[in-house]
Amino acid sequence: MAAVNLIGSYNYLLVVLSVLIAIFASYAALALAGRVTAASGWTRVVWLVGGAGAMGTGIWSMHYIGMLAFILPVPVAYHWPTVLLSLLAAILASVVALGVVSRQKMGTFRALSGSVLMGAGISSMHYIGMAAMRLPAVCQFNYFLVVLSVVFAVLISLAALWIAFHFRDEKRGIGRKKLAGAVVMGVAIPVMHYTGMAAASFTPSGMSANLSRAVSISALGTAGIAAVTFIVLGLALLTSWMDRRFAIRTLELQEEKLQRGEVFLAEAQRLSHTGSFGWKLSTGEINWSEETFRIFQYDPSTKPTLELVLQRVHPEDATFVQQTIERASQDAKDFDHECRLVMPDGAVKHVHVVAHAGPNESGEIEFVGAVMDITERKLAEALRDEENRILEMIARDAPQEEILEKLVLAVEAQFAGLFCSVLLLEEDGQHVRHGAAPSLPKAYIKAIDGLCIGPKAGSCGTAKYRREPVVVTDILQDPLWEAYRDVAEPYGFRACWSTPILAHSGKALGSFAMYYREPRSPSSAETRALEMAVHLAGIAIERKLAREERERLRQTQADLAHINRVTTMGELTASLAHEVNQPIAAAVTSADSCMRWLAAEVPNLDKARAAAERIVKDGTRAAEIISRIRLLFQKGSPQLELVDVNEVIDEMTILLRGEATRYSISVRTELAPDLPRVMGDRVQLQQVMMNLMMNSIDATKEMDGTRELTIKSQWAENDHLLVSVSDTGVGLPEGLADQIFSAFFTTKPHGTGMGLRICRSIVEAHGGRLWAASNSPRGANFCLTLPVKFEARG
């Protein structure tokens, strides 16, 4: 009689529970795979062992819940040592799975070998678990289904490894893709289990089951297995989640630090004008930093290429740069060179490029380098060279026009599209003229020359008026150019920056101007160039003015020496005039004697002849003296012109300042502004001021206490100018000052200099008056007046 197989059935509630456990275990596997991948060293080993234990427990629990879901009409117990062996097989299978999917790369061989090992482990777990069954029946297998279950185990393992490898990214959290992968794995794994269960059939046996070390699983036990499984997997997931959160926070902090570092790096590159780049030789791929895009003036969205680099290279440097690139491509060696770039607006940049060649993470040769914008350094070097050349020109007293033109051209050569000019103030201090403007249109120069400075007179006139730099970024919009736009607009000038050229005293001498044909503000390099140009222009202009002043003083000194000689000869003439009286008187006396000797009753011809000879001799001598006096007066005739009295005072103050300083005498001037000029002989008036000041210096130099000389000019009554020279010297007695002054004062002892008496004569000849007075509390005060309108005196 044929044996009848036991008919089994399934508790579908437990079947569903087994599938849920499989899904939960699969999700835990994905999470644990991410932790194993992210860990390293001993931490990786701990996560690998712990993760494999939790994952293996989940798979084993799904298997036993599935077995408990299969109900037979006979009691079934389980040999617990064999059950533990099946758990070990599940854990080993999990170790294999996590070890494979936690690698950085999972090739085909690794995936296939891993899936075979994992499938073998799962199959072993299943069939070892079935071997743990203790029941009064004989178990038989359908080998086709057994093989099919093993194939399913391998295929399912392969799918599980692929899903776990691609969804292991810990940053995804509880994502839909990871959850979907867990569902697929959780559904697929029970397929192998229930295929293996279908391969088994049970035939009743008359022998009783060996229940040694066997335990029966009740409903409570089933619930306990499920509960423990969920707890183990939950704890594993919780630990994984917490570790992941800590890892994510650490990564966030690192990324924040990295981003902050990148911000600092970008700012440092911007401040230092240094960009970075990477160049992969195998693909030709080029990466630029933000500053590199700025240096080459390309939009950051543009993909960098060698062609774009060569488009910016200066034509004169293109061949050299091309050869450098080709040599680097062939030899893969470091390179270091400088070249020029031409920007879209025509501006020229100087860059220093340095790069190092080395293998990247993939082992491919890649250049990593830096591009430094050294334009300002090159510009500074060029300006220093030009500055030295211009200083040499100034030192050898080259003409001012030549110096200023060289200066303008030197600055223009450093910046594309720049026009420069030097405007000088006229002697009246109100109107301007171009001192150098070689590149400006001639018509523009003609239109500007002669314009008056003021608080709103364009850039240059305003800068000179205010004595401070004026930057106009758009001529068509700035109100300073409102009255002058029609002058600049025809020539396309849109920006003008002007800096005043100031003397050491603060007086405006002119201005240095920069023009552009587009609205813009000055760069730091242009500002430095302006400062250098203004400095050099100021030196050149002041040196010329000083040279002219020295020449004028030399001429003044020569004129004063001449007038001193003339006045000395004037005194000599007075002496000669006294001498001429003697021969004339003698001639008259001799003539009387001659007439008496001839009119006598007996003429004495010998004595008459002798008297006549004396007449001739004395007459000849008188004639000679008269001729000499006439010649002296012809040479000393005054030269009349309009004279600025304040200028005469300033000139004499400068001339005698050294003499005053030698005796520690303080010279102070109080000159009224806007005094009209007087008609007179400039040299004679200079000599008068010189003698008055020298008298004060001589009277003060031996005094104790304060030594001071004060010269004042001011309006007086009746359209006269009043000049006073006061000192703190010996002084003059009250009431007798003018008398003593008139009678005795001279500038030199023994009457050999031009005395104050002659100074009075010169002043009176100019229609004025000169007198002396005491100075409170001590000292003397010499005063003179001059009429604004000259009246000749007979």
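The values are calculated or read from the model by the stated rules, or taken from the named source; none is laboratory data. Predicted, not measured: the structure shown is a model, and the values here were computed from it. All accessible areas refer to the heavy atoms of the entire protein, side chains included, with ligands and DNA or RNA removed. Shrake-Rupley method; radii C 1.70, N 1.55, O 1.52, S 1.80 Å.
For the set Asp719, Asp478, Asp397, the ranking by accessible area, highest first and with no ligand, DNA or RNA atoms included, is Asp719, Asp397, Asp478 under a 1.4 Å probe. Amide H to amide H, with H built 1.01 Å from N, Gly435 comes under 5 Å of Val422, Leu423, Leu424, counting only residues 5 or more places away or on other chains. Put simply, the amide H of Ser276, placed in the peptide plane, has neighbours under 5 Å in Ser289, Glu291, Thr292, Val371, leaving out anything fewer than 5 places away on its chain. Ligands, DNA and RNA left out, the accessible area of the range 461-526 computed with a 1.4 Å probe is 48% carbon and sulfur. Legend: residue pairs Lys406/Lys507; Lys378/Lys544; Lys257/Lys333, Cα-Cα distance threshold 28 Å; pairs beyond threshold, Lys378/Lys544; Lys257/Lys333. Ligands, DNA and RNA excluded, the heavy atoms of His350 present near 50 Å² of accessible surface to a 1.4 Å solvent probe.
Each residue of the range 707-717 is assigned a 3J(HN,Hα), and the resulting list reads 10, 9, 10, 10, 10, 10, 10, 6, 6, 10, 6 Hz, derived from the Karplus form 6.51 cos²θ - 1.76 cosθ + 1.60 (θ = phi - 60°), x at Gly and Pro.
Listed by chain and number, the aspartates and glutamates placed with their C-alpha closer than 20 angstrom to that of Lys446 are Glu401, Glu402, Glu405, Glu426, Glu427, Asp428, Glu482, Asp486, Glu489; residues fewer than eight positions away on the same chain are left out.
The phi torsions of the range 107-118, fed into the Karplus equation with coefficients 6.51, -1.76 and 1.60 and a -60° offset, translate into couplings of x, 5, 4, 5, 5, 5, 5, x, 5, 5, 5, 5 Hz, rounded to whole numbers, with Gly and Pro shown as x. With viscosity 1.567 mPa s and temperature 4 °C, the Kirkwood radius over alpha carbon pairs of the range 249-408 converts through Stokes-Einstein to a diffusion coefficient of 70 µm²/s. Scanning residues 5 or more positions from Leu502 or on other chains, those with amide H under 5 Å from its amide H are Leu509, with H placed 1.01 Å from N in the peptide plane. 3J(HN,Hα) along the range 128-142, derived from phi through the Karplus expression 6.51 cos²θ - 1.76 cosθ + 1.60 where θ = phi - 60°, amounts to 5, x, 5, 5, 7, 6, 10, 7, x, 7, 9, 9, 10, 10, 8 Hz, with x in place of Gly and Pro. You can think of it this way: the chain between Arg389 and Val263 has 41.0 nm of extra reach, that is 0.36 nm per residue less the Cα-Cα gap.
Estimated at the nearest 10 Å², the accessible area of Arg494 is 60 Å² with a 1.4 Å probe.
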